[in-house]
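Reviewing the structure listed below.
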Amino acid sequence: VVEIGQPEHSVVTTCAYCGVGCSFKAEMRGEELVRMVPWKDGKANRGHSCVKGRFAWGYATHRDRILNPMVRAKITDPWREVSWAEAFSHIAGEFHRLQATYGKDAIGGITSSRCTNEETYLVQKLIRAGFGNNNVDTCARVCHSPTGFGLKTAFGTSAGTQDFDSVEETDVVLVIGANPTDGHPVFGSRLKKRLRQGARLIVIDPRRTDLVQSPHIKADYHLPLRPGTNVAVVTALAHVIVTEELVNEAFVRDYCDWSEFEHWAAFVAEPRHAPEEVEKISGVPAAALRGAARLFATGGNGAIYYGLGVTEHSQGTTTVMAIANLAMVTGNLGRPGVGVNPLRGQNNVQGSCDMGSFPHEFPGYRHVSDDATREIFEKLWGVALSDEPGLRIPNMLDAAVDGTFKGIYIQGEDIVQSDPDTHHVTAGLAAMECVVVHDLFLNETANYAHVFLPGSTFLEKDGTFTNAERRINRVRKVMTPRNGLADWEVTQDLARALGLAWNYAHPGEIMAEIAATTPSFAGVTYDKLEAMGSVQWPCNAKAPDGTPIMHIGGFARGKGKFMITEYVATDEKTGPRFPLLLTTGRILSQYNVGAQTRRTANVVWHEEDRLEIHPHDAENRGLKDGDWVRLQSRAGETTLRALVTDRVAPGVVYTTFHHPLTQVNVITTDYSDWATNCPEYKVTAVQVAPSNGP
Ligand code: SF4
């Protein structure tokens with residue numbers, strides 16, 4: 001029996017797991033967190049929560065946390081604990097040496113979508129103003145970078161169009177490449193509620209997810225496409241809408257570029273995009289494609305929700321554009337109940353992108369080559385800034401292997417576990433002379449670090465997260481940082497060691513700077529967040545109370561832009577040696593690589609990564625449920641247990657990537673999205689064979 005103390009006070013803060021952004025009351029007794037209670041006034045969750053937000057916070061006080069900075073000369077040396085001052089001075093010395101020896105572009109950094117807006121703003125500022133280059137990237141590179149590029153091109157903003165409340169007015173829900181039941185549980189529950197009320201449902205997913213069929217819910221159409229054929233399938237839906245004259249012509253004439261629409265309509269009307277042709281590519285029956293297209297075009301308010309099953313492909317950006325086309329051609333934008341809604345994975349992936357964590361963009365998605373924007377930051381920061389886009393994460397690693405990139409500051413990301421082609425990642429890190437890891441635990445990436453800076457949890461700092469509906473929620477400090485410094489203070493002290501005169505006393509001052517430099521945040525203040533609870537950007541003079549639904553009465557870019565979406569088959573091919581296609585996803589109780597959830601009460605669920613395999617494919621290999629299997633691709637191999645199920649189609653296998661022992665990314669390839677380098681995690685040709693275990 002565990003005695004739970006009675007709380008003495010509580011602090012409202014925001015969950016640090018997924019992009020739903022649930023609000024919680026952290027009930028405290030002194031410095032001890034007693035429990036997390038979902039907050040009824042939280043606008044994203046309205047008193048609901050999932051098992052992660054409610055129970056998976058014990059990692060904050062887990063014995064594995066590193067609380068003191070550490071340094072070592074070589075990665076084979078033992079760690080040596082040092083003071084913060086010595087750690088900062090060591091990094092500054094090393095980074096100055098590397099730039100003096102190899103040039104100013106020889107170093108860079110990675111921001112984290114787990115950290116606050118204020119913290120990511122500071123990291124990109126450190127790199128731009130302190131390192132003198134734009135070698136900054138974010139873990140959004142490996143998840144939703146195609147969303148940013150695709151939606152900005154089509155609509156003019158790199159963000160979802162709706163608020164979560166909008167789902168209550170939806171008549172037809174189209175879910176593509178997302179499993180909100182596991183990935184975004186609180187929003188998933190709202191979606192299911194709407195479906196139980198009678199909204200129709202189309203699911204495009206290679207796997208029969210819980211949404212396709214569960215008690216009280218049955219999808220009208222499940223399109224179980226072959227992994228990698230999203231573009232062909234979505235374009236086939238558009239083909240039906242155009243050729244069967246189901247276009248919302250009034251919307252297109254009023255809000256979109258008509259000549260671009262005509263060009264696009266002629267393209268999608270070509271016979272090669274007809275469902276009967278696309279069935280041969282995707283495996284989805286033509287009748288289902290036709291039926292789904294008719295339902296979406298004629299069923300009333302149509303809303304599209306999508307996830308990483310859209311973006312993590314070599315054509316991730318093209319699929320985002322195809323989805324935008326589909327919403328425009330049916331007039332499903334600019335009012336409640338419709339829209340294009342990317343379900344963001346991490347708590348602050350929207351915010352980290354908003355804050356200028358990309359190598360080509362300042363905060364607010366403004367290109368580094370734009371003179372007027374650069375001038376704003378140069379004036380405020382007092383330094384000349386580079387107008388050359390910097391290196392993306394994979395390019396930094398390539399340059400490291402080539403010997404031209406020598407040092408990196410990684411805040412809150414375990415790229416060895418989370419990025420594709422692990423061997424290439426480790427080769428890049430091993431080739432660098434100064435790797436600085438700033439994190440809670442000695443993660444896999446820290447094996448390649450020369451300096452470790454202890455990080456702080458969301459419970460130990462003030463700031464803001466921005467969720468999938470662009471809602472800026474306050475994160476409030478509920479306990480003193482166990483490591484002595486909140487992450488924003490660590491970055492500030494590092495900047496000072498590098499010679500920058502930063503003097504922020506509180507994250508509210510950083511937000512004031514963000515508001516002063518970033519038009520979509522111009523009206524955001526901590527006082528407003530206190531008064532309103534949260535606010536959705538754009539929040540400025542035009543929209544002082546924020547913008548729940550975007551593009552009402554016209555698109556941010558002016559006219560909506562239809563894009564040609566040519567399907568190109570991935571280079572990752574099946575063949576005799578690798579006859580199956582592997583795709584990946586998540587389970588409800590664990591989170592990403594499990595660094596936090598595996599160190600919490602959620603560990604009682606104790607799920608391991610299992611390989612879902614169809615009974616026919618299992619039988620052909622002599623496999624039974626629970627057997628150990630060797631999963632092998634052209635890139636590498638791993639071992640895990642089989643789960644024999646017809647949730648996956650013959651020829652397709654599926655697993656999660658939560659456990660470091662499985663290391664699924666050892667087998668993923670280095671193919672990536674043509675526009676953003678987002679890795680193609682969702683398609684890997686594999687072979688599965690019986691094994692005796694790891
Ligand atoms: Fe946290 Fe997401 Fe669960 Fe909400 S749904 S409690 S934000 S993990």
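Read-outs: derived from the displayed coordinates by stated rules, not from any lab. Because the structure is a prediction, the values reported are computed rather than measured. Positions of Cβ are backbone-derived with ideal geometry, glycine not excepted, and every protein chain shown enters the neighbour counts.
Numbers below:
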item: Where T565 falls short, out of the listed (1) surrounded by fewer than 19 Cβ atoms within 10 Å (Cβ to Cβ); (2) farther than 30 Å from A56 by Cα; result: (1)
item: Flag for S89 being more than 14 Å from the ligand (Cβ to nearest atom) and touching a residue at least 12 places away in the same chain (Cβ under 8 Å); result: yes
item: Residue check for D210: within 16 Å of the ligand (Cβ to nearest atom) and either within 20 Å of the chain's Cα centre (by Cα) or touching a residue at least 24 places away in the same chain (Cβ under 8 Å) (or both); result: yes
item: Inter-residue pairs, beta-carbon under 6 Å, first under 17 Å from V34 (Cβ atoms) and without any contact (Cβ under 8 Å) to a residue 24 or more places away in the chain and in segment 9-22, second assigned to a strand (DSSP E or B) and more than 6 Å from the ligand (Cβ to nearest atom), 6+ apart; result: H9/M28
item: Residues that are without any contact (Cβ under 8 Å) to a residue 40 or more places away in the chain and over 23 Å from the mean Cα position of the chain (by Cα), drawn from segment 47-61; result: G47
item: Of all residues making up segment 464-493, the number that are within 16 Å of the ligand (Cβ to nearest atom), within 25 Å of Q417 (Cβ to Cβ) and not β-branched (V, I, T); result: 3
item: Residue that is farthest from the ligand (Cβ to nearest atom) [pool: residues in segment 42-66 that are surrounded by 20 or more Cβ atoms within 10 Å (Cβ to Cβ) and small (G, A, S)]; result: A60
item: Among (1) crowded, with 20+ Cβ neighbours inside 10 Å; (2) on the phi < 0 side of the Ramachandran plot, the one test that G177 misses; result: (2)
item: Segment 176-204 residues that are under 15 Å from A292 (Cβ atoms) and free of Cβ contacts under 8 Å to residues at least 12 places away in the same chain, paired with ones that are within 13 Å of the ligand (Cβ to nearest atom) and outside any loop (DSSP other than H, G, I, E, B) (beta carbon under 7 Å, 6 or more apart); result: none
item: Residue among T311, T298 that is surrounded by fewer than 24 Cβ atoms within 10 Å (Cβ to Cβ) and among the polar types (S, T, N, Q); result: T298
item: Pairs with Cβ under 9 Å, 6+ apart, first in segment 578-593 and within 16 Å of the ligand (Cβ to nearest atom), second part of a strand (DSSP E or B) and β-branched (V, I, T); result: G585/T655; G585/T656; R586/T656; I587/T656; Q590/T656
item: Every residue from segment 11-38 that is within 15 Å of G533 (Cβ to Cβ), surrounded by fewer than 22 Cβ atoms within 10 Å (Cβ to Cβ) and more than 9 Å from the ligand (Cβ to nearest atom); result: V11, V12, K25
item: Subset of segment 513-560 (residues that are of a type in the set (A, V, I, L, M), over 21 Å from W39 (Cβ atoms) and under 24 Å from the mean Cα position of the chain (by Cα)); result: I514, A515, I549, M550, A556
item: Selection status of H360, out of contact with any Phe, Trp or Tyr (no Cβ under 6 Å at 6 or more places or on another chain), in contact (Cβ under 8 Å) with a residue 12 or more places away in the chain and surrounded by fewer than 24 Cβ atoms within 10 Å (Cβ to Cβ); result: yes
